[in-house]
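What follows is a short report on a single structure.
The values are calculated or read from the model by the stated rules, or taken from the named source; none is laboratory data. Computed from a prediction, not measured in an experiment: that's the story for all the values here. Cβ placement follows ideal geometry from the backbone for every residue including glycine, while neighbour counts extend to all protein chains displayed. With ligands, DNA and RNA removed, areas are computed over all heavy atoms of the protein, side chains included. Shrake-Rupley method; radii C 1.70, N 1.55, O 1.52, S 1.80 Å.
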Amino acid sequence: MKNLISIITPVIDQMQESHLKSQLLRYFPLQTNEFATIENSFKSLTSQKQSKETLNLFFKSWSQTNNSAMTVAGLSNRMTMLIHKNKPVVSEHDLFKAVASLNRIVDEDLAVIGRILHSEMFYTMATNIAGDDTWLSKQYLSAEAKTFKAWKDKNSLRDKDIMIGLLTTLVHEIYTHGEVEYIIPKFNAWLKEEGTYTDDEIEKSLAWIQVHCGATEKDHFFHAVDAVNSYAKAQNIDVTTYNLEEIVTTYLKLKAEVMGVLDEQIAKANELVVEA
């Protein structure tokens with residue numbers, strides 16, 4: 001059975017030899033504990049029927065770790081703002097190429113390609129599985145999920161160095177590819193086991209996961225690679241001076257903290273059901 005790292009590594013291997021490739025291949029495989037925590041949370045969720053409270057908690061907090069279209073768009077805005085404010089740029093052509101690559105990451109999310117906003121797809125998935133949309137309430141948002149999103153937004157939108165935002169996007173896109181590929185068979189089997197969903201209902205409910213599988217997130221990752229390289233040319237930046245260790249380890253540490261807490265909540269809820 002595939003695990004997250006076995007899905008992620010082959011895609012990184014497809015990169016041309018570079019500093020970025022060697023850094024990703026060095027640091028991602030070291031995060032074994034974090035990957036195990038994340039994998040266990042999805043295994044626990046899809047192992048049996050869950051209470052409505054558990055589902056509300058899961059979908060609200062999980063959504064904060066994978067909903068990044070606005071952040072990527074904001075990073076693109078930061079780049080074009082350099083021109084608007086007459087900041088020095090070595091190559092405006094390469095800056096435009098970096099912006100264009102970022103925009104390709106969010107085409108599907110913003111319904112530029114396809115006709116449905118991906119946020120609507122996530123809403124449909126969470127609402128169909130949880131029973132209604134009370135999961136949207138902020139009361140179900142964990143402190144860990146807030147911390148994850150705050151860190152990611154800080155890197156992309158407030159760090160003085162735009163390259164930090166680009167590298168954070170790079171890490172996010174390759175991780176997300178692994179996550180959706182890892183969970184789609186589990187969610188499919190889970191809903192089928194429930195016995196209350198038709199095949200059409202399952203397909204509609206899991207469209208958000210399915211649409212990100214295959215080439216979608218993989219392509220987004222390579223667009224992120226192109227954005228890094230183009231921005232480096234635009235600003236005459238030596239990418240080899242950047243060490244991805246902090247970004248990779250912090251990203252997965254914070255993500256694992258979110259999913260670990262959710263796993264604990266699932267276990268507690270299931271214990272109460274058994275005791276009852």
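Below are the figures for this structure:
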| read-out | value |
| --- | --- |
| Cα radius of gyration and Dmax for segment 102-199 (Å) | 16.5, 51 |
| Euclidean distance between Cα centres, segment 135-196 to segment 207-225, Å | 13 Å |
| Accessible surface ranking that places the most exposed of Lys233, Lys255 first, with a 1.4 angstrom probe | Lys233, Lys255 |
| Convex hull volume per residue for the chain, taking Cα atoms only, in Å³ | 131 Å³ |
| Selected from Tyr251, Tyr242, Tyr175 as most flexible by GNM, with the chain as the system and alpha-carbon contacts under 10 Å | Tyr242 |
| Whole-Hz couplings from phi, Karplus 6.51/-1.76/1.60, listed for segment 131-142; x for Gly and Pro | x, 7, 9, 5, 4, 5, 4, 5, 5, 9, 8, 6 |
| Between helix 69-84 and the chain: long-axis angle, C-alpha atoms, 0 to 90°, nearest 10 | 20 degrees |
| Where Rh is the Kirkwood radius over Cα pairs, Rg/Rh for segment 64-124 | 1.09 |
| In sequence order, calculated HN-Hα J values of segment 117-124 (Karplus, 6.51, -1.76, 1.60; Hz; x Gly/Pro) | 4, 5, 5, 5, 5, 5, 4, 4 |
| Percent of Cα-Cα distances greater than 22 Å, calculated over segment 1-99 | 59 percent |
| Built amide H within the under 5 Å cut-off of Asp109, gap 5+ | none |
| Angle between the chain longest axis and helix 162-194 axis [Cα atoms, degrees, rounded to 10] | 20 degrees |
| In Å, descending, principal axis extents of the Cα set of segment 37-148 | 56, 32, 25 |
| Square roots of five times the Cα gyration tensor eigenvalues for segment 153-276, Å | 37, 20, 9 |
| Zone of Ile83's modelled label, taken as backbone nitrogen in segment 102-122 under 13 Å from a point 7 Å along Cα→Cβ | none |
| J(HN,Hα) series, segment 103-110, from Karplus relation 6.51 cos²θ - 1.76 cosθ + 1.60, nearest Hz, glycine and proline x | 5, 5, 5, 10, 3, 5, 4, 9 |
